[in-house]
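Take a look at the structure below.
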Amino acid sequence: MKKIVSALVASLLCSAVYASPTGGPATSPPSGSFGSQTILGQLYINTASAPKTYSTVGFIQNAVNTSTAVGYGMRNNYFSNATAAGFDLAGGDIAIASSTNITGTSFMAHWYVQVSPNDQTHNWSALGGELNPVNRGVDTGWTSTRGVNNEWTGGWQVVGESQTFGAGGNTYNILFGYGTAASGATNQLGKYIKMYNGLLIEQNSIAPGGMGVYAGGDTLGVSGDYPYSPFQAGSTWSHGLYTANATFVDNNALVAASSQYIQFGTSSPARLGANGTALTSAGPVQLAAYTVATLPTCNSGTAGEVAYVTDANAPTYNATLTGSSTTKTLAMCNGTNWTAH
């Protein structure tokens, strides 16, 4: 029996398992220089060993493309007629960590390594993977959650699992859904490899009415159990929220409800908000200091601007300001001149 299983595994390693591209019964494979193996029913391969560090337990496939044509290292065609509720999976990787006395092991259900060509003169790209969803059904438009629609498509879904797959133990919250991590070691040049874009949303990739990033927040309403923030930055950055190279159709780089404030600081903070069409402040407003000579140009386009002047000369209310003295006063542009107020 052991010899039969070994022969079957060897046959699979050097041949292709062929299925009909129409989803029907397997027929003769297309013409070409490869073998085929038809399997009726499930195939179980059980392996167990004590490997050396980073050696393989289980199935190994070495495929080498010996031509200049592009192809597949491995391809899995799964044709389904399922109609029952539940997940219909073309493939699944389940890794259950059963170890004890762990000293720093990182358990992963799947690991991808992409080594790019060592070519600095031609056009190429190198990706860890690509996902191409195809929607042949209903275009639902933008919604805030998947559950709103009966028909929906998506790219990549991360859902915290409540089951332990029979492995025992409890389930708790997950640290992150998607992470961009720091490199653990330097390269041959002594540099840590970093990402230029932790998340890249390319031009012309978001549908009309869609969002580049949407954070749904909490709808359960459990007091004291809310997420902390939809976005938080830490450590050191050159800029904060940077929109200088963007165009907004409504010319609003930041939109907040009339009942909301923009807060500055965490200890005795200052807050700026709106009341209808007027700005409101939850504390005193400190204006930048000017001398009369350094005030910005006053014209019809700047009428209504207010500034703080430090060197007014005998200012009279609503009269044009002159400087080179010591009186401090408010100044307002009336569309022609800066006047004392």
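Overview of results
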item: In Hz, Karplus ³J(HN,Hα) per residue of region 47-53 (6.51, -1.76, 1.60; θ = phi - 60°; x = Gly, Pro); result: 10, 8, 7, 10, x, 6, 4
item: Quotient of C-alpha Rg and 2.2 N^0.38 Å, computed over the chain; result: 1.61
item: Label-point separation, LEU131 to ALA244 (7 Å along Cα→Cβ), nm; result: 3.5 nm
item: Over region 66-136 - Rg/Rh using Cα atoms and the Kirkwood inverse-distance radius; result: 1.07
item: Contour minus Cα-Cα distance for GLN203 and LYS52 (0.36 nm per residue); result: 49.7 nm
item: Mean-position separation - Cα centroids, region 252-293 and region 200-224, in angstrom; result: 26 Å
item: Residue with peak Gaussian network fluctuation, the chain [Cα springs, cutoff 10 Å], from ALA278, ALA84, ALA63; result: ALA278
item: Nearest-ten-degree value, helix 2-13 long axis tilted from longest Cα axis of the chain; result: 50 degrees
item: DSSP loop trypsin sites (Lys or Arg not before Pro) with at most 12 other Cβ within 10 Å excluded, longest remaining stretch of the chain; result: 195-341
item: Charge context of GLY184, other residues only, Cβ under 14 angstrom, K/R +1, D/E -1; result: +2
item: Cα extents of region 287-341 along the three principal axes, largest first (Å); result: 29, 21, 16
item: DSSP-defined beta bridges in the chain - what % are antiparallel, rounded to 5; result: 80 percent
item: Per-residue [θ]222 nm for the chain (sum of -39500 (n - 2.57) over DSSP H runs n ≥ 4, rounded to 500); result: -1000 deg cm²/dmol
item: Debye-sum result for region 174-297 in log10 I(q)/I(0), which assumes one identical scatterer on each alpha carbon, at q = 0.19, 0.20 Å⁻¹; result: -1.53, -1.56
item: Values of log10 I(q)/I(0), in the order q = 0.14 Å⁻¹, for region 127-246 under a Debye, Cα-only, solvent-free model; result: -1.06
item: Inter-label distance, nm, simple model (7 Å from Cα along the C-beta direction), HIS341/ALA274; result: 2.1 nm
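Coordinate-derived values only; no laboratory data. A quick note: this is a predicted structure, and the numbers were derived from the prediction, not measured. Methodologically, a virtual Cβ is constructed for each residue, glycine included, from the backbone with ideal geometry; neighbour enumeration extends over all protein chains shown.
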